[in-house]
Amino acid sequence: MRALHRAGRTPEALEEFRAGRRHFRDELGLDPGEELTRVHQTILSGEAAEAGKPGENAPGTAITAPVPAAPGSPVPRQLPADVTRFTGRVEKLRRLDMLLSEEEGTAAVVISAIAGTAGVGKTALATHWGHRVAARFPDGQLYVNLHGYSRGRATTGAQALDRLLRGLGVVDDEIPHDVDERAGLYRSLLAHRRMLIVLDNAATPEQVRPLLPGSSPSRVVITSRDALRGLSVTHDVRGIVLDVLPGRRGDRAAQQARGQKRNG
């Protein structure tokens, strides 16, 4: 795998891993060991790896060649369609812009949590802002609906990581079964990429934590009905609270007044 990768034949190196994994599972009922998995993740992420003494073809030979993108592989643009008649929220958009600029040029992960009641426009704000600053994220945008407050079942961490890894171009055979391994591969792939990651409709901090990058120039926007204060224990989260737009407040007040008049 190392030799093929250094020779610029990365697809063949990855195929070697798939073949080895099939052999382990079919013949021995086991998953590949830590070293083989680590080399595989290193090749996927394009990072240099050192596993032993340098200068040998055994573990320790550094992998320095970058992983080329798959031919014709598109940059992910997963955000939902922009709101064509988006209005208001100027202050909140400016706040998101400020949060993006505060850590410019660093690997610190900036996390913005947009909270507010149902129907207040959290997803619309995140989506509109994401389209507006798309040029600031040359490696693309990832989006996943966590269904935290939907009628059906919420999206699990394993399911969300599966979708995110697919968005990063990982094929079925290369997605680990173990949730922790999926999260590790996800963080490795994001380590040197600048992407916008929108985690929509989150219910709890526990649902979000496995989906956050490690040290990465990527940025994360979370929407939730909850303020997700529990995330602040482990991450630097900048909160944005949405209220009903002034025009909508007036509409609601007028509807209430009409209702009271009819009842009177």
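So, in segment 189-200, how many residues would count as being outside any helix (DSSP H, G or I), open to solvent by less than 30 Å² (accessible area, probe 1.4 Å) and not charged (D, E, K, R)? So that I can check it myself, show each step before the final result.
From segment 189-200, those outside any helix (DSSP H, G or I) are 191-200; that's our starting set.
Adding the requirement that they be open to solvent by less than 30 Å² (accessible area, probe 1.4 Å) leaves 191, 195-200.
Within this subset, residues satisfying the condition of being not charged (D, E, K, R) are 191, 195-199.
Residues in segment 189-200 being outside any helix (DSSP H, G or I), open to solvent by less than 30 Å² (accessible area, probe 1.4 Å) and not charged (D, E, K, R): 6 in total.
Across segment 163-187, the number of residues qualifying as more than 19 Å from R77 (Cβ to Cβ), within 13 Å of the chain's Cα centre (by Cα) and open to solvent by 30 Å² or more (accessible area, probe 1.4 Å) comes to 2.
Quick one: what pairs do we get from segment 151-177, first residue in contact (Cβ under 8 Å) with a residue 12 or more places away in the chain and part of a loop (DSSP other than H, G, I, E, B), second small (G, A, S) and open to solvent by 30 Å² or more (accessible area, probe 1.4 Å), C-beta under 6 Å, 6+ apart or different chains? The qualifying pairs are G169/S73.
Please verify whether segment 180-202 includes one or more residues that are more than 21 Å from I43 (Cα to Cα) and out of contact with any Leu (no Cβ under 7 Å at 6 or more places or on another chain). It would help to see each step written out before you state the result.
Narrowing segment 180-202 to residues more than 21 Å from I43 (Cα to Cα): 196-202.
Keeping just the survivors that are out of contact with any Leu (no Cβ under 7 Å at 6 or more places or on another chain) gives 196.
Checked against the condition, which is being more than 21 Å from I43 (Cα to Cα) and out of contact with any Leu (no Cβ under 7 Å at 6 or more places or on another chain), segment 180-202 yields at least one hit.
Give the residue, chosen from L44, L28, that is out of contact with any strand residue (DSSP E or B) (no Cβ under 8 Å at 6 or more places or on another chain), aliphatic (A, V, I, L, M), at pLDDT 50 or above and over 19 Å from G184 (Cβ atoms). So that I can check it myself, show each step before the final result.
Numbers: L44 fails: over 19 Å from G184 (Cβ atoms).
That would be L28, the only listed residue that is out of contact with any strand residue (DSSP E or B) (no Cβ under 8 Å at 6 or more places or on another chain), aliphatic (A, V, I, L, M), at pLDDT 50 or above and over 19 Å from G184 (Cβ atoms).
Filter segment 202-236 down to the residues that are under 19 Å from T117 (Cβ atoms) and in a strand (DSSP E or B) and list them by number. The answer is A202, V221, I222, T223, S224. Whenever a residue of segment 126-147 is within 18 Å of R95 (Cβ to Cβ), its partners that are open to solvent by less than 50 Å² (accessible area, probe 1.4 Å) and in a helix (DSSP H, G or I), lying with C-beta atoms within less than 7 angstrom and at least six residues away or across chains, give the pairs W129/L93; W129/L96; V133/L100; R136/L100.
Can you spot a residue in segment 202-210 that is surrounded by 23 or more Cβ atoms within 10 Å (Cβ to Cβ) and under 16 Å from the mean Cα position of the chain (by Cα)? For segment 202-210, residues surrounded by 23 or more Cβ atoms within 10 Å (Cβ to Cβ) and under 16 Å from the mean Cα position of the chain (by Cα): present.
The values are calculated or read from the model by the stated rules, or taken from the named source; none is laboratory data. What you see is a predicted model, and the numbers here were worked out from it, not measured in a lab. Reconstructed Cβ throughout: ideal geometry from the backbone, glycine too, with neighbour counts over all protein chains shown. Heavy atoms of the whole protein, side chains included, go into the accessibility calculation; ligands, DNA and RNA do not. Shrake-Rupley method; radii C 1.70, N 1.55, O 1.52, S 1.80 Å.
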